[in-house]
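Encoded as structure tokens, the structure appears first; notes follow it.
The values are calculated or read from the model by the stated rules, or taken from the named source; none is laboratory data. What you see is a predicted model, and the numbers here were worked out from it, not measured in a lab. Neighbour counts are summed over all protein chains in view; Cβ atoms, including those assigned to glycine, are modelled from backbone coordinates with ideal geometry.
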Amino acid sequence: MEKSRPLWDNPLQFVFACISYAVGLGNVWRFPYLCQMYGGGGFLIPYLIMLIAEGMPLLYLELAVGQRMRQGSIGAWKIISPYLCGVGVASVVVSFFLSMYYNVINAWAFWYLFHSFQDPLPWATCPLNSNRTGYEEECEKTSSTQYFWYRQTLNIAPSLEASGSVQWEQALCLTLAWLVVYLCILRGTASTGKVVYVTASLPYCVLIIYLIRGLTLHGAVNGLVYMFTPKLEQLSNPKTWISAATQIFFSLGLGFGSLIAFASYNEPSNNCQRHAVIVSLINSTTSIFASIVTFSIYGFKATFNYESCINKVILLLLNAFDLEEGSLTADNLNEMKDHLMATYPQEYAQLMPQIKNCSLEAELDTAVQGTGLAFIVYSEAIKNMEVPQLYSVLYFFMLLMLGIGSMLGNTAAILTPLTDSRVIASRFPKEVISGVVCFMNCIIGLIFTMEAGNYWFDIFNDYAATLSLLLIVLVETIAVCYIYGIRRFEKDLYTMIGCKPNWYWKIMWAFVSPLLIISLFIFYLTDYILTGTLQYQAWDATQGQLVTKDYPGYALAVIGLLVASSTMCIPLGALVTFIRKRLKRERVSTVA
Amino acid sequence: MQCLSFPLHPGNCTALCTTAVRVCSSPDAQNAFKVRISIKTALGDNAYAWDANEEYLFRAMVAFAMRRYSSKSTTQISNVLLCNVTDRVSFWFVVTDSSKNVTTVPGSEVEAAIRMNRNRINNAFLLSDKTLQFLKITSTLSPPVEPSTPVWIIVFGVVLCLIVAGIVFLIVSGIQKHKKKNKESTERENLEEKVEVTLENGIPCEALDLKAGHINGVFAAEDERFTSL
């Protein structure tokens with residue numbers, strides 16, 4: 001008797017699992033950056049258009065395939081057409097790469113979380129140098145938060161070549177992160193289903209607390225006004241539209257096989273059309289919500305830095321000209337500067353190089369994305385709040401929940417095909433399979449805890465998933481629409497849900513989404529080809545800032561391998577199936 | 001330039017004033033130190049005004065520091081000379097040695113004395129190292145208090161124990177459930193095997209209800225079809 005497929009306890013668990021997977025760190029650290037770079041409030045227009053044009057249709061497609069075929073990605077695409085088993089394998093390979101490096105972010109979140117239980121916060125002040133007469137040189141050149149991130153967390157090497165040794169503190173945090181993931185996926189949907197209640201809802205609680213705190217901070221309004229003022233001229237920049245399309249695409253996590261895996265544990269009659277719309281809307285709303293919080297934090301940080309800058313200039317002038325305290329304020333600074341320039345021209349000229357021009361716009365304009373935003377900018381803002389320990393714990397716990405939620409989806413994408421395959425599942429119980437996958441990922445992930453580990457992390461982050469996913473989803477859409485047949489798919493959906501998809505879905509699946517993906521694909525290829533050599537940002541300890549360097553040869557080879565190993569699976573899978581069928585036919589004909 | 005010393009012996013006045021003039025006209029003299037005081041920054045609304053009394057206290061504190069450092073009671077308040085007091089509140093000071101014919105005490109001694117008693121001087125004025133600055137004397141910064149085991153390892157240990165306990169619990173309960181299921185299925189198999197081998201037409205005798213006779217239930221139900229006699 002075949003074991004019945006495990007199911008979610010109720011449809012809510014499925015929705016929460018999808019939300020928990022889709023709402024991840026990208027909503028917090030990529031969307032606000034894009035909003036800032038590409039026209040502020042005006043960016044919402046291309047974003048919403050792309051949501052309707054590609055986000056919702058593709059999400060519905062994947063969920064429907066998973067729910068109909070009731071198999072993981074490899075099995076599901078094999079059913080659609082035996083030549084498409086390569087698509088499933090490519091999804092698993094990309095998910096494997098992703099889970100290798102993504103959990104390192106959770107390790108960093110754990111590190112910051114554990115360090116938040118101190119007073120003062122360790123990134124609030126620079127450590128002292130060896131003879132205790134001043135602060136550490138590297139920390140003086142940059143800020144204490146950047147020093148904490150680059151030196152005390154990562155202990156980053158000056159370049160990719162200088163690999164250095166494994167940092168044991170980071171290795172411990174990474175091991176803990178993998179143990180947490182193992183605990184959550186140990187029992188399959190039984191345990192995952194309970195965990196997603198927490199990982200999906202807790203980030204929203206923290207975001208609401210931060211929204212209230214953020215909006216009441218001094219200077220928050222500056223950030224909000226500056227960022228959300230629409231700069232509609234950016235709409236004519238093609239990069240705006242491409243960034244919107246890319247963000248929707250990657251934010252929903254299409255193509256990894258996680259959505260197919262989650263949907264395969266559904267009841268066959270589950271209304272996945274409604275769920276697809278709900279999940280994509282919630283994902284986009286969360287992005288906008290998170291960017292409101294981020295912009296108010298930005299505004300607070302920029303105002304704080306601007307006022308510190310002004311105070312430094314005032315102090316400099318007071319000390320140089322021995323003026324009475326309080327005679328120079330932020331309001332009369334400019335007039336007093338002119339007055340001093342007129343009265344003491346020589347001394348003022350000597351002082352000129354040290355007097356910085358403080359500008360609030362310049363502070364607001366510093367756009368940061370990725371780990372820089374999440375760990376440096378936020379921790380800098382937090383250290384200046386009251387009761388910073390509380391906000392720090394809340395924030396990094398939220399990052400942890402977001403990261404673990406996404407990891408659950410990634411590991412589900414790898415484990416579901418493995419547990420579906422009878423060869424493996426009959427020999428080993430699923431606890432052992434999960435354990436082996438987690439263990440292997442943990443060992444390989446130790447690379448990212450080395451001194452040059454952050455540079456390898458950036459390589460994986462930028463190249464492991466981008467091109468491959470576009471190709472995978474393109475093949476998926478074409479397969480469902482043209483190989484499986486859209487009428488057959490329509491009938492399947494009618495049997496499952498009870499209503500046929502209307503013309504909007506069909507047009508998007510058949511024409512609009514594939515065209516969008518093809519144009520994205522062409523754009524990325526031409527971009528890579530035109531830029532020539534690929535470069536990366538390395539941390540220079542002597543200057544206290546990032547410098548651009550070229551990737552060495554073996555790093556370029558690794559990048560090529562990453563992209564090739566997943567994209568080549570698709571044609572290879574088709575070829576292998578073709579050869580197998582040929583051999584079978586020959587064997588049958590010789591026997592007959 | 002104002003002569004700011006109040007000599008005990010009128011005879012020394014001119015000599016001390018001359019020293020003060022010499023120091024103040026060449027403020028880069030090795031043995032003079034510039035002091036910068038930021039009362040408003042430190043105390044805000046509770047700031048006091050810097051007047052002659054505060055200057056007297058300052059001179060007294062420096063004399064006190066010199067006395068404590070060199071352990072000889074020859075330094076008087078009159079030996080400390082201030083000059084060039086500005087609105088910023090900053091000024092230069094120098095310490096003279098009346099026993100050695102009104103020469104200035106070497107800067108290194110003054111520096112060491114101030115360093116040793118910095119805390120007392122700061123507290124006398126309700127200020128700190130940052131708001132009462134001796135420009136040539138760098139203060140040693142106090143390192144933050146660090147516990148013997150870093151806090152993060154303790155939190156890490158707690159979380160690690162909880163997670164490992166959770167994993168072990170889930171695995172063990174999974175194995176127990178598996179064992180129970182196996183035991184149940186093997187018990188059921190054993191029960192079926194224990195049944196005796198007497199068979200009639202492939203059916204074990206116990207299953208047959210011998211008392212009821214050999215009535216075939218199929219035909220018995222169709223009695224109504226036959227017409228009654």
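Residues A:SER165, A:SER201: which one is within 24 Å of the chain's Cα centre (by Cα), surrounded by fewer than 22 Cβ atoms within 10 Å (Cβ to Cβ) and either more than 12 Å from chain B (Cβ to nearest Cβ) or more than 24 Å from A:CYS126 (Cβ to Cβ) (or both)?
The conditions single out A:SER201.
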- Query: Somewhere in the stretch A:60-83, is a residue assigned to a helix (DSSP H, G or I), aliphatic (A, V, I, L, M), more than 14 Å from every other protein chain (Cβ to nearest Cβ) and in contact with a His (Cβ under 8 Å, 6 or more places away or on another chain)?
  - Reply: yes
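Condition first: more than 14 Å from A:LEU400 (Cα to Cα) and either within 10 Å of chain B (Cβ to nearest Cβ) or modelled with pLDDT under 85 (or both). Now tell me which residues in the stretch A:176-192 satisfy that.
Correct list: A:TYR182, A:LEU183, A:LEU186, A:ARG187, A:GLY188, A:THR189, A:ALA190, A:SER191.
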- Query: So which of A:ALA64, A:ALA17, A:ALA76 ends up being buried (at least 23 other Cβ atoms within 10 Å of the Cβ) and in contact with a Lys or Arg (Cβ under 9 Å, 6 or more places away or on another chain)?
  - Reply: A:ALA76
- Message: So, in the stretch A:377-399, how many residues would count as being under 13 Å from A:LEU207 (Cα atoms), of a type outside the set (Ser, Thr, Tyr) and crowded, with 23+ Cβ neighbours inside 10 Å?
- Response: 2
- Query: A:VAL206 is checked against (1) more than 30 Å from B:SER139 (Cα to Cα); (2) within 14 Å of chain B (Cβ to nearest Cβ); (3) not small (Gly, Ala, Ser) and fails just one. What number does that condition carry?
  - Reply: (2)
- Item | Scan of the stretch A:523-543 for residues that are in a helix (DSSP H, G or I) and more than 23 Å from the chain's Cα centre (by Cα), ordered by number | A:THR526, A:ILE529, A:LEU530, A:THR531
- Task: Please work out if A:PRO57 is buried (at least 22 other Cβ atoms within 10 Å of the Cβ) and within 19 Å of the chain's Cα centre (by Cα).
- Result: no
- Item | Pick from the stretch A:96-121, criterion at pLDDT below 90 and at the interface with chain B (Cβ under 9 Å from one of its Cβ atoms), ranking: nearest to A:LEU394 (Cα to Cα) | A:GLN118
- Message: Show me the helices (runs of 4 or more DSSP H) entirely contained within the stretch A:343-431 in which 2 or more residues are under 27 Å from A:VAL23 (Cα atoms) and in contact (Cβ under 8 Å) with a residue 60 or more places away in the chain.
- Response: A:378-383, A:388-420
- Does the stretch B:41-59 contain any residue that is acidic (Asp, Glu), surrounded by 13 or more Cβ atoms within 10 Å (Cβ to Cβ) and part of a helix (DSSP H, G or I)? yes
- Matching entry among A:VAL547, A:VAL563, A:VAL588 (being farther than 15 Å from A:TRP456 by Cβ, within 26 Å of the chain's Cα centre (by Cα) and without any contact (Cβ under 8 Å) to a residue 24 or more places away in the chain): A:VAL547
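Which count do you get for residues in the stretch A:422-439 that are among the polar types (S, T, N, Q) and loosely packed, with under 14 Cβ neighbours inside 10 Å? So that I can check it myself, show each step before the final result.
As a first pass, look at the stretch A:422-439 and keep what is among the polar types (S, T, N, Q): A:426, A:434.
Next cut, loosely packed, with under 14 Cβ neighbours inside 10 Å only: A:426.
Going through the stretch A:422-439 one residue at a time, the tally reaches 1.
Yes or no, residue by residue, for (1) under 23 Å from A:CYS85 (Cα atoms); (2) without any contact (Cβ under 8 Å) to a residue 60 or more places away in the chain:
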{"site": "A:LEU474", "(1), (2)": "yes, yes"}
{"site": "A:THR477", "(1), (2)": "yes, no"}
{"site": "A:CYS481", "(1), (2)": "yes, yes"}
{"site": "A:ILE486", "(1), (2)": "yes, yes"}
{"site": "A:PHE489", "(1), (2)": "yes, no"}
{"site": "A:CYS499", "(1), (2)": "no, no"}
{"site": "A:TRP505", "(1), (2)": "no, no"}
{"site": "A:TRP509", "(1), (2)": "yes, no"}
{"site": "A:LEU515", "(1), (2)": "no, yes"}
- Task: Looking at (1) crowded, with 18+ Cβ neighbours inside 10 Å; (2) modelled with pLDDT under 85; (3) over 17 Å from A:GLY214 (Cα atoms), find the lone condition where A:LEU364 falls short.
- Result: (3)
- Query: Taking into account only those residues within the stretch A:127-143 that are farther than 26 Å from A:CYS173 by Cα and in a helix (DSSP H, G or I), which is farthest from the other protein chains (Cβ to nearest Cβ)?
  - Reply: A:LYS141
- Query: Can you tell me which of A:ILE297, A:ILE292, A:ILE314 is within 14 Å of another protein chain (Cβ to nearest Cβ), modelled with pLDDT of 85 or more and buried (at least 19 other Cβ atoms within 10 Å of the Cβ)?
  - Reply: A:ILE314
- Message: I'd like to check something: does the stretch A:505-514 contain any residue that is of a type outside the set (A, V, I, L, M, F, W, C) and outside any helix (DSSP H, G or I)?
- Response: no
- What are the residue pairs meeting all of these: first residue in the stretch B:146-175, first residue facing another protein chain (nearest Cβ under 9 Å) and closer than 18 Å to A:CYS438 by Cβ, second residue surrounded by 12 or more Cβ atoms within 10 Å (Cβ to Cβ) and of a type in the set (Ser, Thr, Tyr), Cβ atoms under 8 Å, and 6 or more apart or on different chains? B:ILE167/A:TYR182; B:LEU170/A:SER191
- Message: Please go through the stretch A:168-198 and give me each residue that is among the aliphatic types (A, V, I, L, M), within 28 Å of A:ILE282 (Cβ to Cβ) and within 22 Å of the chain's Cα centre (by Cα), ordered by number.
- Response: A:ALA177, A:VAL180, A:VAL181, A:ILE185, A:VAL195, A:VAL196, A:VAL198
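Considering each of B:LEU126, B:LEU141, B:LEU162 in turn, give the residue that is assigned to a loop (DSSP other than H, G, I, E, B), at pLDDT 85 or above, under 36 Å from the mean Cα position of the chain (by Cα) and surrounded by fewer than 18 Cβ atoms within 10 Å (Cβ to Cβ).
Sole residue among the options that is assigned to a loop (DSSP other than H, G, I, E, B), at pLDDT 85 or above, under 36 Å from the mean Cα position of the chain (by Cα) and surrounded by fewer than 18 Cβ atoms within 10 Å (Cβ to Cβ): B:LEU126.
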- Message: Checking A:ALA124 against (1) touching a Lys or Arg at 6+ places or on another chain (Cβ under 8 Å); (2) away from every other protein chain (no Cβ under 13 Å), only one condition comes out false. Which one?
- Response: (2)
- Filter the stretch B:65-84 for residues that are in a loop (DSSP other than H, G, I, E, B), touching a residue at least 12 places away in the same chain (Cβ under 8 Å) and surrounded by fewer than 20 Cβ atoms within 10 Å (Cβ to Cβ) and give the result. B:THR74, B:GLN76, B:ASN84
- Message: For the stretch A:145-160, give me each residue that is more than 21 Å from A:LEU394 (Cα to Cα) and outside any loop (DSSP other than H, G, I, E, B).
- Response: A:TYR147, A:TYR150, A:ARG151, A:GLN152
- Does the stretch B:198-209 contain any residue that is touching a helix residue (DSSP H, G or I) at 6+ places or on another chain (Cβ under 7 Å), assigned to a loop (DSSP other than H, G, I, E, B), at pLDDT below 75 and more than 30 Å from A:TYR135 (Cα to Cα)? yes
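Yes/no matrix, rows are residues, columns are (1) closer than 25 Å to A:LEU556 by Cβ; (2) at pLDDT 90 or above:
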| residue | (1), (2) |
| --- | --- |
| A:PHE428 | no, no |
| A:ILE433 | no, yes |
| A:ILE444 | yes, yes |
| A:ILE478 | no, yes |
- Message: Of everything in the stretch B:85-123, what is assigned to a helix (DSSP H, G or I), acidic (Asp, Glu) and more than 14 Å from chain A (Cβ to nearest Cβ)? Give them in sequence order.
- Response: B:GLU109
- Answer with yes or no whether A:GLY255 is on the phi > 0 side of the Ramachandran plot and either charged (D, E, K, R) or within 14 Å of chain B (Cβ to nearest Cβ) (or both). no
